[in-house]
Amino acid sequence: MIDFCESAGVPVQRRTASSYAQTPEGVDAVLKEHATARRFGLATRLVGELDVPFPSTVAVALDDQAQFDPMDVLTALAADFRAAGGTLVQGVRALGMRATAPVQVRTSAGPVTGDRAYLLTGAPILDRGLYLAKRAALRSSAIAFRTDAVIDGRYLSVDEPSRSVRDAESEGERRLLVGGNGHLVGRRPVTSEAVEDLIAWTRRSFPGAEPVAQWSAHDYQPFHRVPFVGWLPRVCGR
């Protein structure tokens, strides 16, 4: 991916990524992550209290990690795909699928027929493997802030409440990007409270920070924490 970004002119920044404990209760998780990373050959290191304006007790750090704007990458990939002769259609909804040969996908713009169909979604729309019962939907929020106190580094808490803190470049300016307060979809009566709490936490940690954009997203987590990859059951490899 980094080779593609460099060849396509997509800006890439290098940062130290740290998984940190906010409380003494999270220290064991940090130590386990460090031990696992070292066992697989990653050059992680243990760090004491971080030089950041929010609570931390210990962290495991990995230097020289890449970050980039995913929209920049998607734009470059789409251009590369079209240059290779591919057809990219947007704004069309898949309504159903016939998995027998020839494969046919019913869409809001009409049927599409081919030898194979690839489902690159959070959860398969053709549920031949009871995936609805094998994963949970999680919702988390992220907010971009304008502040003079942007930090150099990426920080992810290992304990609750979840916090993700990093910088991001937008239109020639650096922004502070804060995420967290993840929860199961449908289990939090007032989801706006999660966003308000993130804003309040950021303003306490970074006085003067002002939100300029915010969004929430759903991610799907399999029960075994491993992504579903491969042919769907009972579709004959199509």
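Bear in mind that the values in this text are calculations on the coordinates, not laboratory data. Here the structure is a predicted model, which is why all the values come from computation and not from measurement. In this analysis, Cβ positions are derived from the backbone assuming ideal geometry, glycine residues included, and neighbour counts consider all displayed protein chains.
Looking across ARG175, ARG203, ARG187, ARG166, one residue alone is without any contact (Cβ under 8 Å) to a residue 12 or more places away in the chain and either within 13 Å of PHE54 (Cβ to Cβ) or assigned to a strand (DSSP E or B) (or both). It is ARG203. Here TRP215 clears all of (1) of a type in the set (Phe, Trp, Tyr); (2) part of a loop (DSSP other than H, G, I, E, B); (3) under 14 Å from the mean Cα position of the chain (by Cα) except the condition numbered (2).
Selection of first residues in the stretch 112-128 that are part of a loop (DSSP other than H, G, I, E, B) and of second residues that are acidic (Asp, Glu), restricted to Cβ pairs under 7 Å at least 6 apart or on distinct chains, gives the following pairs, ordered by first then second residue: GLY122/ASP219.
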